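This report refers to the structure that appears directly beneath it.
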Amino acid sequence: MRIVKYLIVISLLFINSAFALIEIDITEGNREPLPVAITSFFYDEVDSIKLNEISKNLSEVVSADLERCGLFAAIDKDAFIQKNPAMHLRPRFEDWRLIKAQALVTGRLKLVDDDKLRVEFRLWDTLAEKEIEALVLITTTDNWRRISHMIADKVYERLTGEGGYFDTRILYVAESGPKNKRIKKLSIMDQDGANHRFLTSGKELVLTPRFNPVKQEITYLSYFKNLPRVYLLNIETGNQEVVGDFPGMTFAPRFSPDGSKIIMSLAKDGNSDIYVMELKSRVVTRLTTNSAIDTSPSYSPDGKKITFNSDRGGSQQIYVMDNDGRNQKRISSEGGNYATPVWSPRGDLIAFTKNFKGSYAIGVMRTNGEGERLLTENWYQEAPSWSPNGRVLTFYRETPTNEAGQGHSSTLWSIDLTGFNERKIDTPEDGSDPSWSNLMQ
Amino acid sequence: MQFSIITSSLLHVGFIIFTILGLPIFNNPNVDIPPIIQVEILEITEQTNVPEISKREVEEKKIEEKKKDNVKINQPIMKPKIEKSDEKVKDPAPEEEIIKPETIAEKNIVNMPIRKPVLKKKDNFDELKIAELIDMAQDTKPIEDAKDEEYESLDSTETLSDKLTLSEEDAIRSQFLRCWSVPLGIKYDDSMVVKVKITLKQDGSLMKPPEVTDHQRMNKPSEKYFKVLAESALRAVRRCDPIKAPAADRYDKWKDMQLSFDPRELLR
């Protein structure tokens, strides 16, 4: 019996030895953008007059989108080795690996019934030598730019696991004129600056525009009977209305995640508190009753929590409460004044503006206040707004006026969550108060 | 009859008298029996912190004592301290013969059985033992071939030889670090570690496609971040193909490998 036991133990030792596997931990990697080859989409010779320009522009927009996000590097087209249409069916992967491409985008354009544009694209993993995404989109030819953004979104989503944000728009306040006599117009553009248009003429001052997450509708602040009021504007129909007729000032409006409510501040007798209004019934509910100034409310993506800022503790800080106003709790604790808290669409972070030691920073913290990270600091900047995938923030930055009263500017910027890839968003005039839309449906 | 009895009796008596007078054991001298001294036995560790003398030191002392006792041996005696290789190089020939540093260098240190330089403790000095030591001192064979029962191998010897050296591991790791483009967009949690099994040829190229150990997780719709991370790991392995392989004579040790791609430090 004892011998049998020994034999078992010895055989186990041999098994263990035979299957001993070398394990190596890879805890660091290459942070460089992923090299992607984006080819011009092919088309039939008979359609060349109409599709030549679209093919060229489409791949340029896809490349620009992917490059701008900072996670991808588009390889120069001059470096491409394979250039024939066969690549769309089966690329010569070794040719693409030779130019260091880890992913390849190919496509084909075709004009179909009633001159509609049929766009077919494929995404290839050049190292695994397989197709990893394929899609066909049909639209009118003048809609090629949106198609480009949608393709970029698909590539981004497939290679990062995160939803894209290229087929989106940014709403902001366009500014012009001297600082003491600023003209402010409500404006909208694609996230890459294209398709820009002004929504208001500039006669009335406009502030803090915000998108409805589920509809082509915006809410913003303007003046009505010389009092700041919250407005609703349908950007498809142009219909505009004042939200409620309150005795005091209303400001800092924002939609709930389902678009059915507007949460805002209402100032009465010098005291500002947070109210929520059901848009259908126009029923208003007061959520805070503190004697301090409570403002800048923002819903969590599930609608169960609200973050806001308040000076009830002596300085402006960030608080979180339930959606009925209960369990109000301060979460910011690192010193300095905090403002404009905005809950991330992913739900894991709250972005804010922080005034500390004479400069303004845009930062993020976890929803319990831990893990504060300042992404960018400058003389003056504020009003962060999340991209729909919760990866990028847009905000605006001002420069000071010099002694001659010149030099003031206000510009839009974006920065990703890592704190890298800070980019200026070009606008025809100065800009402030940006708000990022959800993906267009 | 009576004569016989009387004669026998006289002879017996005479024999007994001779025995008593002649044999020394019956000569019982007066011995001073030492008085009984009471001794209290105490545990020495309770009384002192003096470290216990190691077996090795005891044996060294014994050897030294015997040397002093003029044990006439013409051969040099091996010093138990063999780790000072520098000194040995400078020492005259007999010492060099004990262990040649270059002999050690030629051998793979990892494969070398680790010996405990512990000598058996014996109560009495044994000249044969010294002779054995001398024989061993003259032995120029590599250490691993010596099968002296007085030297014991550590149990961990086999485990050590199964592994790559740290520098070999680092060399492999650094290659994959350069090849891995970390998908910085993914949402991190503690379970986001991808383990990839690879099998390599002797030239360091992949023998078969790399395999994610938890490949079922990749196909779950709710695990899109894991899928992206796993795909990035597979791309890294393919991008690094072929890797600069460690020594070919140890191919069976690194033929199969498991790589753990852990983006914790980059994404947290």
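Please treat every number below as a calculation from the coordinates, not as lab data. The model shown is predicted, which means the values in this text are computed figures rather than measured ones. Quick reminder, even Gly has a Cβ in these numbers, built from the backbone with ideal geometry, and neighbours come from all protein chains shown.
With respect to chain A, whose longest principal axis is taken over its alpha-carbon atoms, helix A:48-68 is tilted by about 80°. Comparing A:Asn212, A:Asn195, A:Asn355 in a Gaussian network model of chain A (Cα springs below 10 Å), the most mobile by mean-square fluctuation is A:Asn195. Shape analysis of chain A yields a ratio of the Cα radius of gyration to the Kirkwood radius, Rg/Rh, of 1.08. Site pair A:Met440 and A:Glu32 shows an inter-label distance of 3.6 nm when each label is modelled 7 Å from Cα along Cα→Cβ. In this simple spin-label model, placing a label point 7 Å from the Cα along the Cα-to-Cβ direction at both B:Ser222 and A:Met249 gives a separation of 4.8 nm.
Note on chain A: with a GNM built from Cα contacts shorter than 10 Å, the maximum mean-square fluctuation among A:Glu377, A:Glu398, A:Glu45 falls on A:Glu45.
With a Cα-only, solvent-free Debye model of the stretch B:163-267, what are the log10 I(q)/I(0) values at q = 0.15, 0.22 Å⁻¹? Taking Cα atoms of the stretch B:163-267 as identical point scatterers yields -0.62, -1.17. Which of A:Arg31, A:Arg68, A:Arg312 moves most in a GNM of chain A, Cα contacts under 10 Å? Per the Cα network of chain A with a 10 Å cutoff, A:Arg31 tops the list.
Please rank B:Arg264, A:Arg97, fewest neighbouring Cβ atoms within 10 Å first, as an exposure proxy. Walk me through the numbers on the way to the answer.
Numbers: B:Arg264 12, A:Arg97 16.
Going from least to most buried by this count: B:Arg264, A:Arg97.
Pulled fully out, how much extra length does the chain show between A:Ser315 and A:Tyr223, if you take 0.36 nm times their separation in residues and subtract their Cα-Cα distance? Could you put the intermediate results ahead of the total?
Numbers: separation 92, 0.36 × 92 = 33.12 nm, distance 2.84 nm.
Result for the pair: 30.3 nm of gain on full extension.
Separation of the alpha carbons by more than 25 angstrom is noted, of A:Lys154/B:Lys220; B:Lys224/B:Lys253; A:Lys83/A:Lys154; B:Lys163/B:Lys201; A:Lys77/A:Lys154; A:Lys130/B:Lys253, for B:Lys224/B:Lys253; A:Lys130/B:Lys253. Remark: the A:Ser176-A:Thr141 segment gains 9.1 nm on full extension, using 0.36 nm per residue and subtracting the alpha carbon distance.
Simple point charges give the picture: +1 on the Cβ of Lys and Arg, -1 on the Cβ of Asp and Glu, and for chain A a dipole about the Cα centre of about 940 debye.
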